[in-house]
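The values are calculated or read from the model by the stated rules, or taken from the named source; none is laboratory data. Note that the coordinates shown come from a computational prediction; the quantities given were computed from them, not determined experimentally. In this analysis, Cβ positions are derived from the backbone assuming ideal geometry, glycine residues included, and neighbour counts consider all displayed protein chains. When the accessible area is computed, the model is the full protein with side chains, heavy atoms only, and any ligands, DNA or RNA have been set aside. Shrake-Rupley method; radii C 1.70, N 1.55, O 1.52, S 1.80 Å.
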Amino acid sequence: MLVAALVLAAAVAVSATLFAVRVGFLLRLLRAAPSVERTGDVPRRVQNEATIVLGQRKLLQRLGPGLAHAFIFWGFLVLLPTILIALIGAVDKRSTLPWLGHQGWYALLQDIFAVLVLVGVLSALWIRKVQRPRRFEGSHLGEADLILALIATIATTLLLWHACRIALALNEWPRAWSPVSNALSHLFGRDEATRVLERVLVWAHVLTILAFLAYLPRSKHLHIFTAAVNVWFGRTAHRGRLEPLRFDDPDVPEDELRFGAGTAADLNFKELLDTFSCTECGRCQDACPAWATGKVLSPKLVIMGLRDQVLAQDPSALVPQAVPEESVWDCVTCGACVQACPVSIEHIDHIVDLRRHLVMVESSFPAEAEPMLRDVERASNPWGKAQSERADWASALGVRVLEAGEKAPEYLYWVGCASSFDERARRTAESTAKLLQAAGVEFAILGPRESCTGDPARRIGNEYVFQAFAEQNVEVLNDAGATKLVTGCPHCFNTLANEYPDFGGEFEVVHHSELLSQLVSEGRLRPHSNGQAITYHDSCYLARHNDVLEAPRALVAAVGEPVEMHRSRRSTFCCGAGGAHMWMEERGTPINAERVREAAATGADTLAVACPFCTVMLDDGVQGIGSDMRVVDVATLLAEAVEDGPSRPTS
Ligand code: SF4
Ligand code: SF4
C-alpha cells in the first residue's frame with residue numbers, strides 16, 4: 001500500500017506541476033492584459049452562468065450536438081468526486097471518500113452519467129466522422145479525437161472498475177444501485193484474475209485522468225476551465241457597444257497607449273480570455289454571412305489564429321501572421337457570431353481592434369473606404385454633401401429645425417446621414433415626419449447641426465474620428481437640452497443609445513418603429529390594412545444588437561399580412577451594409593442577394609425594412625436578382641395606410 005501511495009503521489013505531482021506551469025503562464029498573460037470593466041450587473045451574470053453554462057442553453061439550440069456536449073459536460077460535473085474516490089481506491093481498494101463514497105444513490109448517478117458521457121462521446125464522433133458538418137472546417141480535429149478518446153477511456157474504465165468491485169463484493173450497497181456496472185460484473189468471476197483487473201482498471205482510470213489534467217491547458221479543451229469565466233465577463237447590456245480607446249487617459253503612459261490590436265500584448269483581458277475559451281465548435285462560422293457568401297472571413301479562424309499567436313509567446317504583429325488582413329475587412333459587424341457562440345466570445349471587438357491597428361497605426365485599409373472617411377471628416381457625412389443641404393427634405397413639410405439656444409421639444413428627431421442625403425432612404429424621413437405631425441407629436445430636427453454619429457468611422461477602425469464626432473454631437477445635444485431622441489437609423493440608434501454614454505451623452509433613445517407603433521396602439525395613428533403579404537427583414541443593429549423586434553412587426557401587422565423569413569428576429573441575416581461595408585467593395589456572392597432570395601422565397605410582394613442602410617442594400621439586391629419585390633421602410637408603409645393621414649409619398 002505504501003508503494004502504491006508513493007507512486008500515486010509522484011504521478012499526481014507530475015500532473016499537477018505540468019498543469020500549474022501552464023496555468024501560471026496563462027494567468028501571467030491575463031494579469032498583464034489591459035483591463036475592461038465587466039464587473040457590474042451581477043444578477044445577470046449569475047443568470048448567464050445558470051443558463052448558458054449549467055443549462056447549456058446556446059448549445060442546446062442545436063439539439064443533437066447540444067445534447068452530446070451537454071451529456072459530457074453534465075457527466076463531468078457529476079463525476080468530479082469520483083476522481084477522489086478513484087485516487088483513494090487506487091491506494092486501498094477497501095477505502096473510499098468519507099460519506100459520498102458510501103452512498104448507493106451516488107453509485108447510481110455514477111452509472112447513469114458514465115453511460116451518458118459515453119453516449120455523448122459516440123454522438124460527437126458520429127457528428128465529426130459521419131455527418132462532417134462544414135462548421136468544423138479548420139478546427140483541430142485530431143486533437144478533438146484525442147480528447148474524446150481520453151474521455152471515453154475515463155468513462156469506460158470507471159464502469160469496468162465498478163463492475164470488478166461488484167464481482168469481488170467490495171461495495172457496501174445493493175447491486176441494484178449500479179444497474180450498468182452490475183450487468184457488466186457478470187463478465188467477471190470472483191477470482192484472482194478479477195482482483196488483478198480491478199487494480200489495473202483503477203490505475204488506468206486514475207492515470208488517464210492525470211494525463212488529461214496535464215494535457216488540458218495545452219489543448220483546445222482549455223475551455224473546460226475558461227468558458228464559465230468567459231461567460232461571466234461577457235457583455236450583459238449594450239451589446240452593440242464597442243470599448244472606447246482612451247487616447248487621453250492620464251494614468252496610461254504615452255508609450256503604453258493602445259491603438260487597437262497590433263500584437264498579442266495589445267489584447268485586453270476579455271479578448272485574451274476569449275482566445276483561451278474557443279471550443280472550435282464552428283457555430284460562429286456557420287452563422288457568419290461573410291463565410292456563407294464565400295468570403296475569406298471565418299470568425300472561428302480569427303479567434304483560433306489569435307490564440308495561436310498568443311500562446312506562441314511571440315510578441316510579433318498579429319496581422320497578417322495570425323489573421324489574414326482580407327478577413328478583417330470582410331466583417332459586417334452583424335453580431336451573428338457573438339450570438340451563436342456558446343462561450344460568449346465577442347468576435348466584433350477583436351475584429352474592430354485589428355482594424356483600429358491597421359487604420360491608425362499602419363494606415364492600411366481598403367482603398368474604396370478612403371473617400372467615405374475623407375467625406376466624414378471634411379463634410380461631416382459619408383455622402384460628402386454640404387451640411388447646409390441636410391434639412392432640404394424637411395423644408396417642404398414644415399418640419400421645425402431647432403436653432404441654437406432654442407428649447408428642445410419633447411422629441412428630437414435624429415434623422416441620420418442616410419435619410420438626409422440618400423434619395424431612397426429620404427422617403428423614410430419624410431414619412432416619419434408626416435406621421436409624427438399627423439399624430440401631434442412635438443418634435444424638431446437639428447438640421448445642419450446634426451453630424452454623422454461617427455459610426456462608420458468607428459466600425460472601420462478610425463477611433464480618432466469617431467471620438468471627435470461623439471464629443472461634438474454630445475455637446476450639441478446636451479446644449480439643446482435634448483432628453484428624448486427618435487431615429488430611424490439602427491446604426492445611429494446603437495451609437496446614440498449604447499456608445500454616447502461613454503462620452504457624457506445620456507439620452508432616452510427610441511427607434512422610429514417603436515414610437516410609431518406606440519402612436520398606433522394609442523389610436524393617434526389609425527392605419528388600414530390592405531391585406532398585402534409583407535415580409536420583414538430585421539436589421540442586425542436593431543434586432544440582434546438592440547432587441548427591437550416587436551415594434552416593426554406590429555407596424556407590418558397593422559398594414560398587411562406578415563410572412564416571416566426563414567432567418568428572422570435575432571437570427572436575422574445581414575443586408576451586407578454594417579461595419580462600414582456600405583462604402584466598401586464586396587468580394588464573392590453579395591450578401592444582399594442572398595438575403596433578398598430568402599425574402600422572395602416567402603412569396604411576399606413587399607420586403608419591409610426599418611433601416612436606411614437595409615433599404616438601399618436590399619433594394620440593390622432586389623434589382624440584382626431581377627425580382628419585382630418592393631423594398632420599403634415600415635414608416636412609409638404606415639404613412640400609406642394611415643386613415644385620413646398623409647398622402648402616399650411620391651417615388
Ligand atoms: S460580426 Fe457578422 S460578419 Fe463579422 S465575423 Fe461575426 S458573423 Fe461574421
Ligand atoms: S468562437 Fe465560439 S462559436 Fe466560434 S468556434 Fe469558438 S467557441 Fe465556437
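Apart from one condition, Thr495 fits all of (1) touching a strand residue (DSSP E or B) at 6+ places or on another chain (Cβ under 8 Å); (2) under 28 Å from Trp583 (Cβ atoms); (3) buried (at least 24 other Cβ atoms within 10 Å of the Cβ); (4) of a type outside the set (Gly, Ala, Ser); the exception is (1). Hey, any hits in the stretch 252-272 for a residue that's within 14 Å of ligand 2 (Cβ to nearest atom) and open to solvent by 20 Å² or more (accessible area, probe 1.4 Å)? Checked against the condition, which is being within 14 Å of ligand 2 (Cβ to nearest atom) and open to solvent by 20 Å² or more (accessible area, probe 1.4 Å), the stretch 252-272 yields no hits at all. Looking only at residues of the stretch 362-380 that are out of contact with any Gly (no Cβ under 9 Å at 6 or more places or on another chain) and touching a residue at least 40 places away in the same chain (Cβ under 8 Å), we find that the one that is surrounded by the fewest Cβ atoms within 10 Å (Cβ to Cβ) is Glu368.
Arg241 falls short on exactly one of the conditions (1) within 16 Å of ligand 1 (Cβ to nearest atom); (2) at pLDDT 95 or above; (3) in contact with a His (Cβ under 7 Å, 6 or more places away or on another chain), and that condition is (3).
Has the stretch 188-195 got any residue that is part of a helix (DSSP H, G or I) and in contact (Cβ under 8 Å) with a residue 40 or more places away in the chain? Checked the stretch 188-195: no residue is part of a helix (DSSP H, G or I) and in contact (Cβ under 8 Å) with a residue 40 or more places away in the chain.
Among the residues that make up the stretch 36-45, is at least one of them surrounded by fewer than 16 Cβ atoms within 10 Å (Cβ to Cβ) and closer than 28 Å to Ile112 by Cβ? No: zero hits.
Do we have any residue at all in the stretch 217-237 that's within 30 Å of Gln467 (Cα to Cα) and within 16 Å of ligand 1 (Cβ to nearest atom)? Checking the stretch 217-237: at least one residue is within 30 Å of Gln467 (Cα to Cα) and within 16 Å of ligand 1 (Cβ to nearest atom). Determine if the stretch 540-558 includes at least one residue that is within 16 Å of ligand 1 (Cβ to nearest atom), in contact with a Pro (Cβ under 6 Å, 6 or more places away or on another chain), within 30 Å of Leu397 (Cβ to Cβ) and not assigned by TED's automatic domain parsing to the domain that holds Trp291. Scanning the stretch 540-558, I find at least one residue that is within 16 Å of ligand 1 (Cβ to nearest atom), in contact with a Pro (Cβ under 6 Å, 6 or more places away or on another chain), within 30 Å of Leu397 (Cβ to Cβ) and not assigned by TED's automatic domain parsing to the domain that holds Trp291, so the answer is yes. For the stretch 282-289, the criterion of being within 16 Å of ligand 2 (Cβ to nearest atom), outside the structural domain of Leu216 (by TED's automatic domain parsing) and of a type in the set (Lys, Arg) is met by at least one residue. One residue stands out in the stretch 107-153 among those that are open to solvent by 20 Å² or more (accessible area, probe 1.4 Å) and among the acidic types (Asp, Glu): the one that is modelled with the highest pLDDT, namely Asp145.
Only a single criterion out of (1) open to solvent by less than 10 Å² (accessible area, probe 1.4 Å); (2) out of contact with any His (no Cβ under 6 Å at 6 or more places or on another chain); (3) closer than 26 Å to Ser539 by Cβ is not satisfied by Leu402, namely (3).
Contact map, the stretch 30-50: first residue part of a helix (DSSP H, G or I), second residue surrounded by 13 or more Cβ atoms within 10 Å (Cβ to Cβ) and among the hydroxyl-bearing types (Ser, Thr, Tyr), Cβ cut-off under 8 Å, separation 6 or more or different chains; pairs are Arg44/Thr236; Arg45/Thr236; Asn48/Thr236; Asn48/Ser344. Selection within the stretch 319-369: residues that are within 14 Å of ligand 2 (Cβ to nearest atom) and of a type in the set (A, V, I, L, M). The member of this set that is farthest from Gly461 (Cα to Cα) is Val343.
Phe259 meets the conditions (1) more than 9 Å from ligand 1 (Cβ to nearest atom); (2) in a helix (DSSP H, G or I) in every case but one. The failed one is (2). For beta carbons closer than 7 Å, sequence separation of 6+ or different chains, a first residue in the stretch 329-341 that is in the same structural domain as Gly461 (by TED's automatic domain parsing) and charged (D, E, K, R) and a second that is more than 6 Å from ligand 1 (Cβ to nearest atom) and not in a helix (DSSP H, G or I), there are no qualifying pairs. Considering the conditions (1) buried (at least 17 other Cβ atoms within 10 Å of the Cβ); (2) under 24 Å from Cys331 (Cβ atoms), Val632 is excluded by exactly one of them, (2).
Scanning the stretch 74-127 for residues that are in a helix (DSSP H, G or I) and of a type in the set (Phe, Trp, Tyr) turns up Trp74, Phe76, Trp105, Tyr106, Phe113, Trp126.
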